[in-house]
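**Q** Mind looking over this structure? Questions follow.
The values are calculated or read from the model by the stated rules, or taken from the named source; none is laboratory data. Fair warning: this is a prediction, and the values are worked out from it, not measured in the lab. Every residue, glycine as well, gets a Cβ built from its backbone with ideal geometry; the counts of neighbours run over all protein chains shown. Areas reflect the complete protein model, heavy atoms only, side chains present, ligands, DNA and RNA absent. Shrake-Rupley method; radii C 1.70, N 1.55, O 1.52, S 1.80 Å.
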Amino acid sequence: MEQKIKQDTYGTIGLNIRRLRLSKGIGQIELVRMMNLQGIPITRECLGKIERGVQHVQLQQLRAIKDSLDTTYDKLLD
């Protein structure tokens with residue numbers, strides 16, 4: 001069973017993902033493609049929900065996002 005990381009009421013993790021993704025000039029579809037290449041099945045719709053704080057992020061998804069955006073867990077979770 002995959003662990004899920006719950007977002008706080010403000011959706012901080014999702015907002016951080018979106019901010020970092022946009023700062024690197026990466027679109028949602030491109031990030032999804034990068035994650036799929038790492039073996040993490042995710043759709044653009046799912047990524048959008050994570051970024052909006054509507055859906056919790058799975059640990060494996062967060063790891064793939066971190067690697068794809070070449071960032072740290074601190075920057076994603078802070």
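**Q** Summing Lys, Arg as +1 and Asp, Glu as -1, what charge do residues with Cβ under 15 Å from the Cβ of Lys49 carry, Lys49 excluded?
**A** Spelling it out: positives minus negatives among the neighbours equals +4.
**Q** Give me the accessible area of Thr43, 1.4 Å probe, in Å² rounded to the nearest 10.
**A** Around 70 Å² of this residue is reachable by solvent.
**Q** About the Cα centre, and with charges only on the beta carbon of Lys, Arg (+1) and Asp, Glu (-1), how big is the dipole of the chain? Nearest 20 debye, please.
**A** 140 debye
**Q** How large is the accessible surface per residue of the chain, computed with a 1.4 Å probe and reported in Å² as a whole number? It would help to have the intermediate numbers written out before the result.
**A** Working: 4890 Å² over 78 residues.
Result: 63 Å² of accessible area for each residue.
**Q** Follow-up. In what order, largest first, do Thr12, Thr72 sit by accessible area if the probe radius is 1.4 Å?
**A** Details: Thr12 35, Thr72 65 Å².
Correct descending sequence by accessible area is Thr72, Thr12.
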